[in-house]
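The values are calculated or read from the model by the stated rules, or taken from the named source; none is laboratory data. Computed from a prediction, not measured in an experiment: that's the story for all the values here. Because the Cβ atoms are built from the backbone with ideal geometry, glycine has one as well, and the counts that use them run over all protein chains shown.
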Amino acid sequence: MERVAAIDVGTNTVLLTVAERSQGRFTPVVERAEITRLGRGVDRTGELDPAAIATTVEVLARFAREARSLGANRIACVATSAARDASNGGAFFAAARREAGIFPEVISGEEEARLVHRSAWFDFGLPGHPLAVLDVGGGSTELTWGSSAQPSGRRSFQMGAVRLTERVAPGDPPSGADLAQLRAAARAALADIRTIQVSGHLGGARLVGVAGTVTTLAAVAQALTVYDAARVHGSELAREALEGLVARLAALPLAERAGLPGMEPKRADVIVAGAVLVLEAMTLGGFASLVVSDRGVRWGLLYDRFGGD
């Protein structure tokens, strides 16, 4: 069996999956995720912060070494929102090639959405039954829909958990006015989801939520003292329960929020904004609940680049 690897360099997090490929299917050998906040300040300055570049490249080099040590003879790597938007992305790519021997491919929001949809379809899709996939990242949010592994429609919105937090700059803890501003900004950024819903494209679709914001919310909802992908992947979050969770998270100062069971401490400062984006997307799309996926771009990348069925 061949071992391959996929790395997703996002605005907030770098993720690695090393997997064994057999008959078009992939079995994970190692999965890693580390928050490096590559997109810190990009919305304000239009540039990647040099310290964020250095931190991200260090993690990327470590992940690449681990993948190769585990026998991965091919590594696919993509970079998403922050690298797309920054005017100095070239500095990051040059450092990645120099330090990690990795050549990240910048993908569009639409391509990011396609890969995420493909990943979700392999786990939750049923032929002839529509699936919608929501991916709330650090810098952007993607929505896809369709009744096969290839989405029939997809949209990318230039708003994610990091970007929304930086734009609103809520207090610690967020005030009622801060929370209202977060919700209004999220609703405005994602307004076209209502248009998509009214057009009938989401009718009868099962919603799958992907990426770190959604998995963190699921882990906190379950009060997991140790993150357990088996308990998170495939679990369900109801919109009504998410309303309560948003209120609970927003009521806590950062230090207390970071200490919650299930919370990734480095994500605690942006989780309220991320949760608001998920909640507003569900409301605009008319979804009462979502199924949580612990997989995303990197799994779609495995299937896409290395011949999954």
Practice item. Would you please list the contacts, defined by Cβ atoms under 8 Å and residues six or more apart or on different chains, that run from a residue in segment 237-264 that is in contact (Cβ under 8 Å) with a residue 60 or more places away in the chain and among the acidic types (D, E) to a residue that is surrounded by 13 or more Cβ atoms within 10 Å (Cβ to Cβ) and not in a helix (DSSP H, G or I)? Key: E264/I35; E264/Y227
Review point. So W121 clears everything in (1) of a type outside the set (K, R); (2) modelled with pLDDT under 95; (3) assigned to a helix (DSSP H, G or I); (4) closer than 23 Å to L242 by Cα except one condition, right? Which one?
Key: (4)
Point to revise | Test: residue in segment 154-174 that is acidic (D, E), buried (at least 21 other Cβ atoms within 10 Å of the Cβ) and outside any helix (DSSP H, G or I) | key: no
**Study point:** Residues that are under 16 Å from the mean Cα position of the chain (by Cα), in a helix (DSSP H, G or I) and farther than 18 Å from T225 by Cα, drawn from segment 241-279
**Key:** V272, A273, G274, A275, V276, L277, V278, L279
Review point. Does segment 46-68 contain at least one residue that is part of a loop (DSSP other than H, G, I, E, B), of a type in the set (V, I, T) and surrounded by 24 or more Cβ atoms within 10 Å (Cβ to Cβ)?
Key: no
**Study point:** Close pairs from segment 96-109: first free of Cβ contacts under 8 Å to residues at least 24 places away in the same chain and under 12 Å from A6 (Cβ atoms), partner hydroxyl-bearing (S, T, Y) and surrounded by 15 or more Cβ atoms within 10 Å (Cβ to Cβ), Cβ under 8 Å, at least 6 apart
**Key:** none
Review point. Any idea which of (1) among the hydrophobic types (A, V, I, L, M, F, W, C); (2) surrounded by fewer than 20 Cβ atoms within 10 Å (Cβ to Cβ); (3) farther than 26 Å from R248 by Cα is the one L260 doesn't satisfy?
Key: (3)
